[in-house]
Amino acid sequence: MGNTSVASQTSSSVGADQQLGTLLVISGPSGVGKDSVWQAASETLTSFEKAITCTTRAQRENEIEGIDYYFVSDAEFDRLLEEDQMLEWAKVHNARYGVPASSVLTRLTAGEDVVCVIDVQGAFRLRSLFPQALLVFIKPPQEGTEILKERLAQRGDISEEELMVRLKTAEWELLQTKKYDYEIVNDTLEHAAAELCGVVEKEKAKRE
C-alpha cells in the first residue's frame, strides 16, 4: 500500500475545531457478504453515502460502473496516484483498489457521513488518517475459510488460482479482527444488517 502527500492533504482540509461527519469503515474477507450487509443496512442508515472505490480488476457481470466501483486501467490508476488523488490504496488479489480522496473528504468536512466498504489494509490506513473512524469487521458464521470457499466457488467468475489467493488473504484478515471496534457475524443478512445499524446508531449518539 502507498500514499504520498495524502496525509497533508487531509490535515489541510480539516480545521482543528471542525466537526466532521462519521466515517464508517466496513471490512471482511472476500465472500463474507460485506457489501450485501451494507446494502441492507443502508435502508436505515440513510445519512451515509458510500465512497466509491476505484479498482483495476475486471468488472463482473452484475456490477454497475460508478455504483459498485469505478473500473479503471492500470495507467489510469497510476495517474490518480501521481496526482495524489487517492486517500488510500492497496494491492489485493492481484488487483489494485483505492479510495479517491474527494469522495471522502468533501462529505466529512461538510459534517456529513461516509461509509467505505474496503479491505483490511485500506481500513488501517483510513484509521491512521481519521483516528475517530468507526471500524466494523464482518465475519463468516463459521470458523475458518471453508464457507468462504463455498461462496466464492458459487460465483463461478474466478479461477482456481484466484480462489486460493483470496482464501490465503482471508486467513490473514481473520487474524486482524481485534483491531476493529466491532465484529459482526453474518449468520443471516437480516441479523447482521440490524446489528450494524445498532452499532452505528449507538456510536453516533455517543459522539454527538
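Coordinate-derived values only; no laboratory data. No experiment lies behind these values; they were computed from the predicted model shown. Quick reminder, even Gly has a Cβ in these numbers, built from the backbone with ideal geometry, and neighbours come from all protein chains shown.
Annotations for the structure displayed:
- Dipole in debye (nearest 20) - the chain, about Cα centre, beta carbon charges: Lys, Arg +1; Asp, Glu -1: 500 debye
- Structural descriptor for segment 105-208: relative contact order 29 percent, calculated from alpha carbon pairs under 8 angstrom and at least 6 residues apart.
- Selected from 117, 99, 72 as most flexible by GNM, with the chain as the system and alpha-carbon contacts under 10 Å: 72
- Between residue 110 and residue 79, the contour length at 0.36 nm per residue exceeds the alpha carbon distance by 8.4 nm.
- The fewest-to-most ranking of 27, 128, 42, 103 by surrounding Cβ atoms within 10 Å reads 128, 42, 103, 27.
- Projecting the Cα atoms of 72, 192, 56 onto the charge dipole of the chain (Cβ charges, centred on the Cα centre) puts 192 farthest toward the positive pole.
- Radius 12 Å from Cβ of residue 182, net charge of other residues (Lys, Arg +1; Asp, Glu -1): 0
- Bridge orientation summary for segment 20-207: considering DSSP beta bridges with both residues in this region, about 30 percent are antiparallel.
- Averaging the sequence gap over all C-alpha pairs within less than 8 Å and six or more residues apart, then dividing by the number of residues, gives the chain a relative contact order of 32 percent.
- In a reduced charge model with +1 at each Lys and Arg Cβ and -1 at each Asp and Glu Cβ, segment 33-128 shows a dipole moment near 340 debye about its Cα centre.
- Percent breakdown of C-alpha pair distances by 10 Å bin, ordered from the shortest bin, for segment 20-207: 9, 37, 39, 14, 1
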